[in-house]
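To keep things clear, I will list the structure first and then write my remarks on it.
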Amino acid sequence: MNSVVVTCQSKDCPNGHPPSRLECPTCHKLVLFFINHDLYSKGAAIQTRYQRILFLWPGMFQGWIQFAGKTHKIIHDLVKTSQPAVGESNVYPDGTYNPFGTFNYTGDLRPRYPLSPKRPVPDHIERPDYATDPHGVPHSELKRNGAPPKCLSPEEQEKMRTVCRLAREVLDIAASHVQPGVTTDYLDEIVHNACIERNAYPSPLNYRRYPKSVCTSVNEVICHGIPDQRKLQEGDIINIDVTLYYQGVHGDLNETYPVGRIDDDSKRLLRTTRHSLDEAIKICKPGALFRDIGKVIEPVARAAGCAVVRQYTGHGINDLFHTAPNIPHYTKNRAVGTMKAGMCFTIEPMVNLGHNWDLVHWPDEWTATTADGKRSAQFEETLLITETGVEVLTAGQRRADLYDD
C-alpha cells in the first residue's frame, strides 16, 4: 500500500489552509501547557499558559522539563496523576494549588504549592553532616543520643556568641520584610541569601529532609511551617524561626510578628508568649533545675487564658542542632538535670489561644497546627549559662509592641 503524502499547512499551502500551530492536542486538552512551533518541533521546554514554569512535583521536576518527539508523551501521564488541573477546587486562579485537598484542616490556613526549588549552598560553606545525607539524617546527633549536656570550653562559647549574633542579624533582616502581600517563600529566599552572605549554612535545610532554609508558621501553625506561595494578609501573625551553622556550631532563635494591624487576642497572645519566655530566662543560673522552667512558663500562659504546647520543647544546642538537655515548657514535667556553667540551650515556649494545648500535623509531616484552629505564637532564645547567671546569646532590640511600658 502506498503512503499518502500530505504537505505541511504552512502559510504557502497551495490548498489555502491556515498555518498549523503544531500544538499537542493532549497538552491543549489538559489546559496545562502552551507549546509553540519551536518548542514542539525542536524539543525545547514546556511553559505554562500563565507564562511560568510548571513544577510537577516539588523537589523532582524542578525547573524546565526537557522533552523531544515521542518522549514528551510521558508528560501526559505524569500530569494527569500528579498535578491538579486549573479549575479544580484545590487549584487557585493564579495556578498555585493545595496538595492536601481532602485533609481535614483545623483552621483557615491552607498550603500553596508548588514549592520553589531547593536553594543552593556554595561549596566553600561549611555544613553539618545531615546537609549532604540523602535522607537528612543527623548522624552526629544520633551518636550522642543519651549523653549528658555538654559544657562548652571558652573557645566554643565564643563561637556560640558569634553564630548567635549572626542568627539575630538574619532574623531581623527577614522581619523587616514582613508585610501584607509578601509570600513566605520570599522570606525563605531572604533568610537563605543572608546566611550565605555570612558564609553560614541555614541549619533547617535538609535537616531530616526539611525542604527550606527557615520555618515560617502563620496563625494557627504552632511550628515548622514550610515556606510556600501563600501571601501574608493584613491581620496575620507569623513566626520566623532562624538557625545558622557557622564555624562548626549552631545558633537558634525565633520571634512572632504581626502582619499589619492585628486583633486584641493576637496582641495578648504575642505579649503573653514573650513574657513567659522572659520570666523563664530570669531563673536560669548554675544549679537551677531544668524542670523548673516549665513551672514558670505555664502559669503565665494560663493567667492570660492560653495553653502551653507539650509535644515540642527547648533543647541543647552547640555543635549539634538538637541535643541534651530537653526543656519542657509546662508544669509537672519530668525533665532531669541542673544547669551548669558552659551549657548552651534554647527556651522556646509555644503558646495557644484558649485552653487546648494539643496539635495536628499536616500531611507534609512537618507543619504542626493547633487542634482547634486557634492561633499560636512562639519566641525563642539561645542561652549560655555562665559562672554568675545566664547570657542571652541571641538577644535583640526590645520590641515596643510586646510590652505595656
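Return the pair list, or none, for Cβ contacts closer than 6 Å from residues in the range 199-226 that are in contact (Cβ under 8 Å) with a residue 40 or more places away in the chain and at negative phi to residues that are basic (K, R) and open to solvent by 10 Å² or more (accessible area, probe 1.4 Å), at least 6 apart or on different chains.
From residues that are in contact (Cβ under 8 Å) with a residue 40 or more places away in the chain and at negative phi, the pairs are Y201/R127; E220/R375.
From the list N326, N352, which residue is polar (S, T, N, Q), more than 26 Å from L232 (Cβ to Cβ), outside any loop (DSSP other than H, G, I, E, B) and touching a strand residue (DSSP E or B) at 6+ places or on another chain (Cβ under 8 Å)?
Numbers: N352 fails: more than 26 Å from L232 (Cβ to Cβ).
Going through N326, N352 in turn, the sole match is N326.
For G225, are the conditions met, namely being at pLDDT 95 or above, in contact with a Ser or Thr (Cβ under 7 Å, 6 or more places away or on another chain), within 19 Å of L353 (Cβ to Cβ) and in a loop (DSSP other than H, G, I, E, B)? Step through it out loud before you land on a result.
Working: at pLDDT 95 or above: yes; in contact with a Ser or Thr (Cβ under 7 Å, 6 or more places away or on another chain): yes; within 19 Å of L353 (Cβ to Cβ): yes; in a loop (DSSP other than H, G, I, E, B): yes.
The answer is yes for G225.
How many of the residues making up the range 344-361 are open to solvent by 10 Å² or more (accessible area, probe 1.4 Å) and closer than 25 Å to K150 by Cα?
Result for the range 344-361: 1.
Go through (1) within 29 Å of I238 (Cα to Cα); (2) open to solvent by less than 70 Å² (accessible area, probe 1.4 Å); (3) charged (D, E, K, R) for E156 and report which single condition fails.
Unmet for E156, out of (1) within 29 Å of I238 (Cα to Cα); (2) open to solvent by less than 70 Å² (accessible area, probe 1.4 Å); (3) charged (D, E, K, R): (1).
Among the residues of the range 231-256, count how many are crowded, with 21+ Cβ neighbours inside 10 Å and touching a helix residue (DSSP H, G or I) at 6+ places or on another chain (Cβ under 6 Å).
Kept after step one, since they are crowded, with 21+ Cβ neighbours inside 10 Å, are these residues of the range 231-256: 232, 237-246, 249-256.
With touching a helix residue (DSSP H, G or I) at 6+ places or on another chain (Cβ under 6 Å) added as a condition, the list becomes 237, 240, 242, 244, 246, 249, 251, 253, 256.
Final tally of qualifying residues: 9.
Name the single residue that is nearest to V221 (Cα to Cα) among those in the range 101-133 being in contact with a strand residue (DSSP E or B) (Cβ under 9 Å, 6 or more places away or on another chain) and open to solvent by 80 Å² or more (accessible area, probe 1.4 Å).
In this case the residue turns out to be N104.
Across the range 358-389, what is the total count of residues that are outside any strand (DSSP E or B), in contact (Cβ under 8 Å) with a residue 12 or more places away in the chain and within 28 Å of Y113 (Cα to Cα)? Steps first, answer last, please.
As a first pass, look at the range 358-389 and keep what is outside any strand (DSSP E or B): 358, 362-367, 371-375, 379, 386-389.
Now drop any that are not in contact (Cβ under 8 Å) with a residue 12 or more places away in the chain, which leaves 358, 362-364, 366-367, 371-375, 379, 386-389.
Next, only the ones that are within 28 Å of Y113 (Cα to Cα) stay: 358, 362-364, 366-367, 371-375, 379.
So the answer is 12.
Among R268, R261, which is the only one that is in contact with a Gly (Cβ under 9 Å, 6 or more places away or on another chain) and in a loop (DSSP other than H, G, I, E, B)? Spell out the reasoning first.
Working: R268 fails: in a loop (DSSP other than H, G, I, E, B).
So the residue among R268, R261 that is in contact with a Gly (Cβ under 9 Å, 6 or more places away or on another chain) and in a loop (DSSP other than H, G, I, E, B) is R261.
With P134, P120, P128 as the choices, which residue is within 19 Å of A200 (Cβ to Cβ) and free of Cβ contacts under 8 Å to residues at least 60 places away in the same chain? So that I can check it myself, show each step before the final result.
Working: P134 fails: within 19 Å of A200 (Cβ to Cβ); P128 fails: free of Cβ contacts under 8 Å to residues at least 60 places away in the same chain.
That would be P120, the only listed residue that is within 19 Å of A200 (Cβ to Cβ) and free of Cβ contacts under 8 Å to residues at least 60 places away in the same chain.
The values are calculated or read from the model by the stated rules, or taken from the named source; none is laboratory data. These figures come from a predicted structure and were not determined experimentally. Don't worry about glycine lacking a Cβ; one is built from the backbone with ideal geometry, like all the others, and counts go over all protein chains shown. Remember, those area values only see protein heavy atoms, side chains included, never the ligands or the DNA or RNA. Shrake-Rupley method; radii C 1.70, N 1.55, O 1.52, S 1.80 Å.
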